[in-house]
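Reviewing the structure listed below.
The values are calculated or read from the model by the stated rules, or taken from the named source; none is laboratory data. Nothing here was measured: the structure is a model prediction, and the numbers come from that model. When we count neighbours, we look across all protein chains shown, and the Cβ atoms used for this are built from the backbone with ideal geometry, even at glycine.
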4 protein chains.
Amino acid sequence: MIRFENDYTEGAHKRILERLWETNEEQTSGYGTDEHCEKARAYIRTACDAPNADVHFLVGGTQTNTTVIASILRPHQGVVSATTGHIAVHETGAIEATGHKVLTVPSEDGKIQAHQVKEIYDAHWNDVTHEHMVQPGMVYISHPTENGTTYTKAELEAISKVCRENGLPLFLDGARLGYGLVSEECDLTLADVARLCDVFYIGGTKVGALFGEAVVMMNDALKKDFRYMIKQRGGMLAKGRLLGIQFETLFEDGLYFDISRHAVQLAMMIRAAFAEKGFSFRYDSTTNQQFPILPDEICKELGKKYSFSHWEKADETHSVVRFCTSWATKRENVETLIEDIRAL
Amino acid sequence: MIRFENDYTEGAHKRILERLWETNEEQTSGYGTDEHCEKARAYIRTACDAPNADVHFLVGGTQTNTTVIASILRPHQGVVSATTGHIAVHETGAIEATGHKVLTVPSEDGKIQAHQVKEIYDAHWNDVTHEHMVQPGMVYISHPTENGTTYTKAELEAISKVCRENGLPLFLDGARLGYGLVSEECDLTLADVARLCDVFYIGGTKVGALFGEAVVMMNDALKKDFRYMIKQRGGMLAKGRLLGIQFETLFEDGLYFDISRHAVQLAMMIRAAFAEKGFSFRYDSTTNQQFPILPDEICKELGKKYSFSHWEKADETHSVVRFCTSWATKRENVETLIEDIRAL
Amino acid sequence: MIRFENDYTEGAHKRILERLWETNEEQTSGYGTDEHCEKARAYIRTACDAPNADVHFLVGGTQTNTTVIASILRPHQGVVSATTGHIAVHETGAIEATGHKVLTVPSEDGKIQAHQVKEIYDAHWNDVTHEHMVQPGMVYISHPTENGTTYTKAELEAISKVCRENGLPLFLDGARLGYGLVSEECDLTLADVARLCDVFYIGGTKVGALFGEAVVMMNDALKKDFRYMIKQRGGMLAKGRLLGIQFETLFEDGLYFDISRHAVQLAMMIRAAFAEKGFSFRYDSTTNQQFPILPDEICKELGKKYSFSHWEKADETHSVVRFCTSWATKRENVETLIEDIRAL
Amino acid sequence: MIRFENDYTEGAHKRILERLWETNEEQTSGYGTDEHCEKARAYIRTACDAPNADVHFLVGGTQTNTTVIASILRPHQGVVSATTGHIAVHETGAIEATGHKVLTVPSEDGKIQAHQVKEIYDAHWNDVTHEHMVQPGMVYISHPTENGTTYTKAELEAISKVCRENGLPLFLDGARLGYGLVSEECDLTLADVARLCDVFYIGGTKVGALFGEAVVMMNDALKKDFRYMIKQRGGMLAKGRLLGIQFETLFEDGLYFDISRHAVQLAMMIRAAFAEKGFSFRYDSTTNQQFPILPDEICKELGKKYSFSHWEKADETHSVVRFCTSWATKRENVETLIEDIRAL
């Protein structure tokens, strides 16, 4: 069985494991105060062209989303998200567990647009009973989205502008950020993301690390006491160096982007193979997740040799499925898959 | 200005104030342990044909909804509600503030149907990632709904059946319960409500009391320690007798239903007047709230003499407005309004 | 049975009931936006010599404490309180239910001192692991305290100074504020309280009203969106006028202080009677609660005719008990009690 | 600088890193559903003599404590803990952030006794105002405690008995469980702990793993839906196998106990060296943490070559300090330290 079902089926990129070996007996202070964390922070600030950013390392995505959002909102405020947003669907109500509503706006492809942010904001403030309703307090987007789609620079600039004009901090969930940034369709750089967002995170778990997410805090007003929040939410790893070492490795010489490019190239090969056979796609993804719509018997056929995710039923006889690639995906496996697609 | 904008523009029914006068110098114990509360509980148990019910008195509706729901759910569970449900829209995220998501199902008229409950339940448990999603833990409905519509006995029985088959406690928000029960279209009795729900409340604030809501707990499994919850959520009135005295007055000889009938009769007269002039209605309400769709110039004209609520825009030139009646609505004011409608 | 067990055994001062009668049929807007609320706010601002204060009306004390504290603190912060503070002991964990720890400092008589605030603040910030601990975020005191004791102006000024120097908002719980301010031992005025606190509340429930607490927000930085918080926490009464009417009556011509003086005078008569018989007191209270230490057989004897609270065991054969007076306490009942004390 | 400041200054035991290497390219399912997790669960059930236990893997201690406690308590309940308990002091209010109060009982050495549990339970239920107070809902202990002390089997049996008689689930925080179980003074086995507790966790982070804690759920009534709780609290690692692989390694052939014995032996050597020089100890620890009371000049002298924690001031001229050992502590470093102590 060759697995394409998600981008966390293996351990970590070899260089990360090597570095963990090399540093294993070093004695360091705990909780993210060690030298590896400091170096990783410096590399990330440079990569973001953001010398004043605060950089924090957390363990996982749900934890990171929860910690950031709970840190920013006042109790009567909610976070605006696409209906498809990870926080709205797949975190077992972690945001609500911190007391906050997720205010959803409709989305077909996982993205939201600037005008939607403006509309939900205006709808709130124009309602005479607005004190009886949850106040929009910040905006959450993911890039790439849960559906593999990406924002253009113009789109992100428009959202950022609406947010800043209306006092809504903008938080970008970058669980798969690398895959988005290297996409050929995406004209955003890491520095653009840093410039346009108030806070975002650079995902490690799904981009080559064993685990770990790097929060980049751009807005000074949000920086205060964030480490208390990390500790309270269970995200302050005793051996914080493990996170520092991993991000140091990913960002010291561009490994993070190399890994991302590898995965996206393979994903686009798979995409091309399905497209050549005339299959269409549920989302127009140019990143490491591909969502072909396949006849159910073909799903069954391919399923004998490959694992992939069932996403949703498309109609009575077709399904949307998801193929993922990652740092660990082997080119020969993709080539075998492509041959099998062609042979369908 | 004659006010039809809501059903809480005046104080309380005269008999309630009289009783507060008469009892003012009585010395009683606090926190709902006094004799008036005991009598009121007995009257309500009788009216509900529910001798084993626990009856608790709280101050307001948002508080009651929050206290009941927070008492029932475990942390990873949410409450199923219509998108239009008061808890989903108009309580400033009070439910989320207790850590729980409101899981909404679409509704055009404020009601939900049994199959929707079944569908959201099955969708959760059939999803392979259900542990990553909020688990439906109970169901919230309002009767009459926020739109004045009512459930039939058959509909409520069907919802109750689905809930019981799937272990979902059913909670009915009866902020305006009296108006629903006396509606000519509604074949439900208070005893039916008690029989079919696990917990519900009988609204006082909008049905003749100064304030106050009576929670009726039917399901033994939900009864434990509810008074702790009331205290924690700020609903345990020091002078709890004030609630006891009011519900005693409302339920000792049927005043609650007299008040409700009065309001609904007047509302139906208003409805008839609009209907005769050919206006249609946003919701098919047979209770004390009426939602005619009016040309904006007529809204403006009527607005000079009467206050009513703007509900929403119907189209470029029409609006949905709301006229409410209550225990306090004067027949002569309604007659004047009707004349003015006829003269439009 | 003559009741001295607490200060909420009766309804409300006669003038309040009269005013509720007179205004019963007035039609007003809801949720505290009516003219009675506005007038009450104006009277309170004048009484506090605080023309820019925000004044909000809530229903009960636990609700008020919870709403104020949850509105001020960030998630990682706690509220400093005496171990005896109402929020630390008698609110069923309402503060913790909003996510915040109550950071207690020891107190023998219900009061805390400025140096204790400074010490807990310094202890936090001097601890190298302070990010692993709850950060002191504000200070809660009650005046008079739960034990009937009062702060002097010098003491409150000292606490206020420490709070302001260290960025800790000071919140004063005035559930029985009137009784404290009229005490002969207390040199504080309402204007002093307003000047020295960031936010406080004027208790109505225990000082002549049916119910109701008036929050006075002095610190501009804390004012924003407080009405959302009231709604979310279930404290926004639909018929908000009921609170406005009551506080209007209490503050239009000094009734609040007349009521307070009446109760305190009677309490001091009771105190004197016990003192004359040689009994000592658990707390040195000069307000409406008195805590004599009595032999258990005398408790039993007095208990046949009077109700009062058992506070705690003093030793094997003695108990601390509490006698309360209020607006409703009758002079003749106090005189009868005094005779019976003398006859012991 | 030789570090004795805590037991998480290095990476992980060599065999764990080796196993991560070996398994790195294996493709597994996520979120703890893989074969390594299954094997680790089986080893742990065997080690606990608990074939029906549920075993879950989380990342860190604060997260584990929070998840377990929030899963068990109802909203009006609190968790009983020693004043020194980690949840009471060093988790930035994580428990309160889930809505629950930590109900502390005094402790000199980190332990609590059965009679204290009984007393706080009885005090609650015997108080007539108990509905106004947080209800004790479970008991938290740590073994070994934060001070290195351990419970005897008799003590734990007594606590367990009181808990079971009064319906209080007993939760044991085993962040350093191995060090406690191998202590010569401790007559408890892992199977005893499993038999006497309702839920406990086996700490990995401080006993040789990179990170990870294994929750063992013994009480069937507490098992339901715990994975939802893990996900909501951010503890469900995408690459859950990392936890499985580590605990598999630790428990397949007793490595966990070998590591623990190594550390405790070295700690006892350090203890003996201080004792021989006549120094006394703050706590009577027989585990991997030692708390000698040293003159400040000696602290300064030793501090030039060794790092250790300042615990607290003992008096004007003496301090309590902490020396920790771990799987990673080198015998030669301990021998050097002992020589230096002897030479003082």
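For the stretch A:197-224, the candidate set comprises residues that are more than 19 Å from A:THR62 (Cβ to Cβ) and out of contact with any strand residue (DSSP E or B) (no Cβ under 7 Å at 6 or more places or on another chain); within that set, the residue that is surrounded by the most Cβ atoms within 10 Å (Cβ to Cβ) is A:GLY208.
Scanning the stretch D:101-114 for residues that are facing another protein chain (nearest Cβ under 9 Å) and either assigned to a strand (DSSP E or B) or closer than 12 Å to D:THR67 by Cα (or both) yields a total of 1. Just one of the listed residues (C:ASP187, C:ASP192) is of a type in the set (Asp, Glu), out of contact with any Phe, Trp or Tyr (no Cβ under 9 Å at 6 or more places or on another chain) and assigned to a helix (DSSP H, G or I), namely C:ASP192. Taken together, the residues in the stretch A:77-92 that are within 17 Å of A:PHE171 (Cα to Cα), in a loop (DSSP other than H, G, I, E, B) and of a type outside the set (Asp, Glu) amount to 3. Scan the stretch D:3-20 residue by residue and report those that are of a type outside the set (D, E, K, R) and more than 8 Å from every other protein chain (Cβ to nearest Cβ). Hits for the stretch D:3-20 are D:PHE4, D:HIS13, D:ILE16. The one condition from (1) part of a loop (DSSP other than H, G, I, E, B); (2) touching a strand residue (DSSP E or B) at 6+ places or on another chain (Cβ under 8 Å) that C:ILE69 does not meet is (1).
Within the stretch C:127-152, the set of residues being touching a Leu at 6+ places or on another chain (Cβ under 7 Å) and under 23 Å from A:ARG227 (Cα atoms) comprises C:VAL134, C:PRO136, C:GLY137, C:MET138, C:VAL139.
Comparison of D:ILE245, D:ILE338, D:ILE270 shows that the only residue that is under 30 Å from A:ALA328 (Cα atoms) and aliphatic (A, V, I, L, M) is D:ILE245. Checked against (1) outside any helix (DSSP H, G or I); (2) facing another protein chain (nearest Cβ under 9 Å); (3) of a type in the set (Val, Ile, Thr), A:ILE95 passes all but condition (1). In summary, C:VAL79 fulfils each of the numbered conditions (1) at pLDDT below 95; (2) touching a His at 6+ places or on another chain (Cβ under 7 Å); (3) of a type in the set (A, V, I, L, M) with the single exception of condition (1). Among the residues here, B:ARG164 does not qualify as assigned to a helix (DSSP H, G or I) and within 27 Å of B:LEU243 (Cβ to Cβ). Of the residues making up the stretch B:18-41, just one is free of Cβ contacts under 8 Å to residues at least 40 places away in the same chain and hydrophobic (A, V, I, L, M, F, W, C), namely B:TRP21. The selection criterion, being closer than 16 Å to C:ALA263 by Cα and either more than 17 Å from the chain's Cα centre (by Cα) or not basic (Lys, Arg) (or both), does not hold for C:VAL134. Screening the stretch C:115-129 for residues that are more than 30 Å from C:THR286 (Cα to Cα) and either of a type in the set (A, V, I, L, M) or in contact with a Ser or Thr (Cβ under 9 Å, 6 or more places away or on another chain) (or both) and picking the one that is nearest to the other protein chains (Cβ to nearest Cβ) gives C:VAL128.
Can you find a residue in the stretch A:19-32 that is under 21 Å from the mean Cα position of the chain (by Cα) and over 24 Å from A:ARG233 (Cα atoms)? The answer is no; no qualifying residue exists. Suppose we keep only residues that are more than 14 Å from chain A (Cβ to nearest Cβ) and aromatic (Phe, Trp, Tyr) within the stretch D:171-220. Which one would you say is farthest from D:PRO51 (Cα to Cα)? My answer is D:TYR179.
Within the stretch B:307-324, residues that are assigned by TED's automatic domain parsing to the domain that holds B:LEU266 have Cβ atoms under 9 Å from residues that are assigned to a strand (DSSP E or B) and of a type in the set (Gly, Ala, Ser) in these pairs: B:HIS310/B:SER319; B:TRP311/B:SER319; B:GLU312/B:SER319; B:LYS313/B:SER319; B:VAL321/B:SER309; B:ARG322/B:SER309; B:PHE323/B:SER309; B:CYS324/B:SER309, counting only partners at least 6 apart in sequence or on another chain.
Here is a yes/no grid of residues against (1) within 13 Å of chain C (Cβ to nearest Cβ); (2) out of contact with any Gly (no Cβ under 7 Å at 6 or more places or on another chain):
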{"position": "B:ARG41", "(1), (2)": "no, yes"}
{"position": "B:ILE44", "(1), (2)": "no, yes"}
{"position": "B:ALA47", "(1), (2)": "no, yes"}
{"position": "B:ALA50", "(1), (2)": "no, yes"}
{"position": "B:PHE57", "(1), (2)": "yes, no"}
{"position": "B:GLY60", "(1), (2)": "yes, no"}
{"position": "B:THR66", "(1), (2)": "yes, no"}
{"position": "B:ILE69", "(1), (2)": "yes, yes"}
{"position": "B:VAL79", "(1), (2)": "no, no"}
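The sole residue among B:LEU172, B:LEU156 that is part of a strand (DSSP E or B), under 18 Å from the mean Cα position of the chain (by Cα) and free of Cβ contacts under 8 Å to residues at least 60 places away in the same chain is B:LEU172. On the stretch given as the stretch C:176-185, residues that are surrounded by fewer than 23 Cβ atoms within 10 Å (Cβ to Cβ) and modelled with pLDDT of 95 or more total 1. Tally the residues that are buried (at least 23 other Cβ atoms within 10 Å of the Cβ) and either at pLDDT below 95 or not basic (Lys, Arg) (or both), restricting the search to the stretch D:225-236. Qualifying residue count for the region: 7.
Taking every residue in the stretch A:195-211 that is within 22 Å of D:ASN24 (Cβ to Cβ) and pairing it with any residue that is of a type in the set (Lys, Arg) and crowded, with 24+ Cβ neighbours inside 10 Å, at least 6 positions away or on another chain, the pairs with Cβ-Cβ distances below 7 Å are A:GLY203/A:ARG176; A:THR205/D:LYS239; A:LYS206/A:ARG176; A:VAL207/A:ARG176; A:LEU210/D:LYS239; A:PHE211/D:LYS239. Report whether or not D:ARG282 is in contact with a strand residue (DSSP E or B) (Cβ under 6 Å, 6 or more places away or on another chain), over 30 Å from A:THR205 (Cα atoms) and basic (Lys, Arg). Answer is yes for this residue.
Number of residues in the stretch C:64-112 that are buried (at least 24 other Cβ atoms within 10 Å of the Cβ), in contact (Cβ under 8 Å) with a residue 40 or more places away in the chain, of a type outside the set (Val, Ile, Thr) and closer than 17 Å to B:ALA94 by Cα equals 2. Within the stretch B:29-76, the set of residues being among the polar types (S, T, N, Q) and at pLDDT 95 or above comprises B:THR33, B:THR46, B:ASN52, B:THR62, B:GLN63, B:THR64, B:ASN65, B:THR66, B:THR67, B:SER71.
Being within 10 Å of chain C (Cβ to nearest Cβ) and part of a loop (DSSP other than H, G, I, E, B) is the filter here, so list the residues in the stretch B:21-39 that pass it. Hits for the stretch B:21-39 are B:ASN24, B:GLU25, B:GLU26, B:GLN27, B:THR28, B:SER29, B:GLY30, B:TYR31, B:ASP34. Screening the candidates A:PHE211, A:PHE200, A:PHE257 for the property of being in contact with a Ser or Thr (Cβ under 9 Å, 6 or more places away or on another chain) and at pLDDT 95 or above yields one hit, A:PHE211.
If only residues of the stretch D:1-20 that are in a helix (DSSP H, G or I) and among the hydrophobic types (A, V, I, L, M, F, W, C) are counted, the one that is farthest from D:LYS206 (Cα to Cα) is D:LEU20.
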